Amino acid sequence: MLGVFSGEVVEVPAELVAAGSRTPSPKTRASELINRFLGSFAPAVSIQIGDLGHLAYSHANQSPFAPRLFAAKDEIYCLFKGVLTNLGSLRQQYGLSKSADEVVLVIEAYKALRDRAPYPPSFMLAHLTGNFAFVLFDKATSSILVASDPDGRVPLFWGITADGCLAFADDLDLLKGSCGKSLAPFPKGCYYSNALGGLKSYENPKHKVTAVLEDEEEVCGATFKVEGSAVLAATH
């Protein structure tokens, strides 16, 4: 799955900028990244949201233990990969039918978070149990919310394209070709939101998330960690 957002929506994280400038490497524009995804993972579905963002996904070669899902409702678009083991109880909590899947649940949970403030994102995310990663875009507010499960069992990566877009994908090699060293594993147990304070840990909300620059021979230019815990890295 792939989510790409323009500079009109997000301010790219300074840590990813620093990782890329430290050891410059070739990058491509976001449009080339999207075209490469569509060409490499056919058949694929692509959704362009004006000039603000682009979402794409494919069921090609997906694991039955980590299916890729997509849904859109009330101008909220969401890509979800994985499985929630407490989906049944969450359906009841949010008043959803038994046919509602994980991606629909995340949209409804996000709407409750947005519309019934002041709940922190950790309040919503801490109730999701299972293996997952998702990328959500709210067109009405130009907000994104991206999160990964506490164990990082569904790898997710993020990086910056040559034209300054922020990209998220579950495929490291795909992003490597367009983001160069401005690339990192998305930290497990964390979320990123341009409207809710940037990158934070929902497992340990009081702990700051910082970046460690990687050695030049590593694929990713940086790895993020939650202060006071082990480095939160996916396999490079």
Given (1) assigned to a strand (DSSP E or B); (2) modelled with pLDDT of 90 or more; (3) hydroxyl-bearing (Ser, Thr, Tyr), identify the lone condition not met by Thr210. (2)
Extreme residue, surrounded by the most Cβ atoms within 10 Å (Cβ to Cβ), among residues of the range 155-188 that are of a type in the set (D, E, K, R) and part of a loop (DSSP other than H, G, I, E, B): Lys181
Give the residues of the range 130-154 that are over 8 Å from the mean Cα position of the chain (by Cα) and farther than 15 Å from Leu113 by Cα, sorted by residue number. Gly130, Asn131, Phe132, Lys139, Ser142, Asp149, Pro150, Asp151, Gly152, Arg153, Val154
Within the range 202-222, identify whether any single residue is surrounded by 18 or more Cβ atoms within 10 Å (Cβ to Cβ) and in contact with a His (Cβ under 9 Å, 6 or more places away or on another chain), and answer yes or no. yes
All positions within the range 46-61 that are open to solvent by 60 Å² or more (accessible area, probe 1.4 Å) and either among the aromatic types (Phe, Trp, Tyr) or free of Cβ contacts under 8 Å to residues at least 40 places away in the same chain (or both): Gln48, His59, Asn61
Give me a count of the residues in the range 29-38 that are open to solvent by less than 30 Å² (accessible area, probe 1.4 Å) and touching a residue at least 40 places away in the same chain (Cβ under 8 Å). 3
Would you check which residues across the range 159-194 are in contact with a Gly (Cβ under 9 Å, 6 or more places away or on another chain) and either of a type in the set (A, V, I, L, M, F, W, C) or free of Cβ contacts under 8 Å to residues at least 24 places away in the same chain (or both) and list them? Ile160, Ala162, Cys165, Leu166, Ala167, Phe168, Ala169, Leu175, Cys179, Leu183, Ala184, Phe186
Phe41 fails exactly one of the following numbered conditions: (1) open to solvent by less than 60 Å² (accessible area, probe 1.4 Å); (2) of a type outside the set (Lys, Arg); (3) under 30 Å from Phe123 (Cα atoms); (4) at pLDDT below 95. What is the number of that condition? (3)
Cβ-Cβ distance below 8 Å, separation of 6 or more or different chains: which pairs start in the range 73-93 with a residue that is open to solvent by 50 Å² or more (accessible area, probe 1.4 Å) and end on one that is part of a strand (DSSP E or B) and acidic (Asp, Glu)? Glu75/Asp138
Within the range 103-154, restricting to residues that are β-branched (Val, Ile, Thr), farther than 16 Å from Tyr202 by Cβ and at pLDDT 95 or above, the one that is surrounded by the fewest Cβ atoms within 10 Å (Cβ to Cβ) is Val104
Odd one out for Val10 among (1) open to solvent by less than 70 Å² (accessible area, probe 1.4 Å); (2) outside any loop (DSSP other than H, G, I, E, B): (2)
Listed residues Ala30, Ala71, Ala14, Ala18; which is over 26 Å from Glu218 (Cα atoms) and of a type in the set (A, V, I, L, M)? Ala71
List the helices (runs of 4 or more DSSP H) that sit entirely inside the range 36-130 and contain at least 2 residues that are basic (Lys, Arg). 102-115
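The values are calculated or read from the model by the stated rules, or taken from the named source; none is laboratory data. None of the values given here were measured: they were computed from a predicted structure. Every residue, glycine among them, receives a Cβ derived from its backbone with ideal geometry; neighbour counts consider all protein chains shown. Note: areas computed on protein heavy atoms with side chains; ligands, DNA, RNA excluded. Shrake-Rupley method; radii C 1.70, N 1.55, O 1.52, S 1.80 Å.
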